[in-house]
Amino acid sequence: MTTSETVRGVPIPEYAGNPFIERLPPILSARALQQTFDRPPVREEHDTRRPAEERLHVALRLLHYSQPTATGRELARRVEQMIYQGYIGRNPRTSDWMRLVQTCGRREVAAKAEKTPARNVKATEVLGDLIPLCDTSTSMLVAGVPGVGKTHSVVVALSRFKQVIYHTSPFALAQIVWLRVECPPTGSLAALCTFFFAAVDKALHAAGVSSTLEKEYKRASLAASLAGMARVANLHAIGCLVIDEIQNVKKAHGEVSELLNFLVTLRNTIGIPIVMVGTTSSLRVVQRSFHDARRGDGFGSMQFDRMPPASPEDTENDVGTNAVDIPDEKTVAKVYGAEFEGFATRMWQHQYTNVFTPASPPLLNALYEETQGVADLMVKLFLLLQLHLISTPGRASEVITPELIRSVADQKFNSVRPYIRALRNNDWKALEKFEDFIDYGKWFASQIRGIVAGEQQPVQAETHGEMRLPPMIVDGSIDRKSVEAIVAGFGVGPKDIERVVAKHAVLIETGNITGLVDGLRADLVARQAQGKDRPKRGPKAPAIDGDLRALAEGAKDGDEVAKRLGLSALDSALAP
């Protein structure tokens, strides 16, 4: 027995005796951790012999395709470490943890009594008097260009942890191991509170635990809601708080938004690990905010990049594995790197056409040129190629060619072509214009509509993974709770919500979040402009002797006023 085998399974001392840690899954080896990302679509031997109309459906299994990457494995390891380490300083067997829970409760009561207006609430002051006895939490920013798998990797990393664990000893409580919350589109702190309580309710309901937090805090003040977030986060021992689409903080007023200030304070005072996910544009503002925090930015940032093009080492002695099949293939120089080649050749095995087309450098060159190594676009273009071949009538052999790849990309990727061009040219200034191009769902649905018979979602087996719907979208429309939260984030009062919802009903029913946010932003600008341009009325000055207004005091109508001012006689004199 080797030394490594003798120590395997021996508890880590700082993890022992902590109920929050003892119920977590075991620490995985690097290979086992990487395998959690491997989600190939189900393939049956007779799939390629199915009728075309059936293959149009089974090909949609590629929508859920996922394979392990080194970056994904590193992220999963970091998340695992953050959850375990964050619980070291929060042990329910100690009186310190319960004392902090009670302190949070008292702070919330005080915040409710103060009734401070939202505009005067400072995130750093709401929880400023809370100090954990032993803070072992860290924070991390996951950043990258759209479509490279940031959110997907975070979701997979969290999915191996049961979200809610119910404890009966030493206290009866529901431990929330992780919670993922969308950053409000406007970067609003009030909307973040709403999103947070809704996410907690959803997690607890799924575990069979009753919770009505969103309803309870719907009309609470901002200060009370922030203090309530701290109390709930501590009471349910949230192991990791994930804030997705963190680049939205740039839309908030101020160089560093109050939302970021509150997250820093929440981590410092309660000791909850925080993972932020966003585009590269969020790097500067988030890193600066967390660098100024008491302990720096913990695990720092983790960059998700597209698969790079070929390096000089990749092009040396460049001969593909299928060179014997294509006579002139030895002369083809690869434009893609080793990472892209490994991902693409593995994905390439999942074909549902009636003829299997082997991968080759010319084919992979065309695929790279049209996707620039963005994993999400690679999978979607590969699927679109097969749907195009299968749905074309009269085609005997469904063979993928470089010309077909470029043709389908030219037809279906028009909307993303400027984005691809910016990646190809490494034009980061141009890429900043595509920060909001994150939701590929609606765009991609428009590409496959009309190809697949019917527009209903295909029935998927559990092994295929969950359908990745756009954030806050349910059955094609924005769900009611999200609508209310978004509207409230633009300063719309409870009495006006129904009117605003009715005004933007079409955008809500079609699931157009971007259009809804733009419309609400335009409404806000119009309201601000109206309030700014309207002259402010001061107090009415009293009438004085000699002031003609004194003659009008008490007049019943305009005729009486005119009579008192002598205008009636003047009108008679001027009459023709």
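For the residue pairs Lys162/Lys495; Lys162/Lys215; Lys412/Lys503; Lys162/Lys250; Lys115/Lys503; Lys380/Lys503, the C-alpha atoms sit more than 28 angstrom apart in Lys162/Lys495; Lys412/Lys503; Lys162/Lys250; Lys115/Lys503; Lys380/Lys503. Once you sort the root eigenvalues of the Cα gyration tensor of segment 25-69 as a ≥ b ≥ c, which label holds: rounded (a/c under 1.5), prolate (a/b larger than b/c) or oblate (the other case)? Taking the square roots of the gyration eigenvalues as a ≥ b ≥ c, segment 25-69 is prolate.
Tell me whether segment 200-282 comes out rounded, prolate or oblate; compute the Cα gyration tensor, take square roots of the eigenvalues as a ≥ b ≥ c, and use a/c under 1.5 as the rounded threshold. Taking the square roots of the gyration eigenvalues as a ≥ b ≥ c, segment 200-282 is prolate. Here the simple spin-label model places points 7 Å from the Cα toward Cβ, and for Arg395 and Glu509 these points are separated by 3.6 nm. Potential lengthening of the chain between Glu54 and Arg23 amounts to 6.7 nm, from the contour at 0.36 nm per residue minus the alpha-carbon distance. What is the order of Arg527, Arg73, fewest Cβ neighbours within 10 Å to most? Ranked by crowding around the Cβ, least crowded first: Arg527, Arg73. Distance between the modelled labels on His46 and Ala522, one decimal in nanometres: 5.4 nm (7 Å Cα→Cβ projection).
Computed from the coordinates by the stated procedures, all read-outs in this text should not be read as laboratory data. This one's a predicted model, so the numbers in the text were calculated from it and none came from an experiment. Note: ideal-geometry Cβ built from the backbone for every residue, glycine included; neighbour counts use all protein chains shown.
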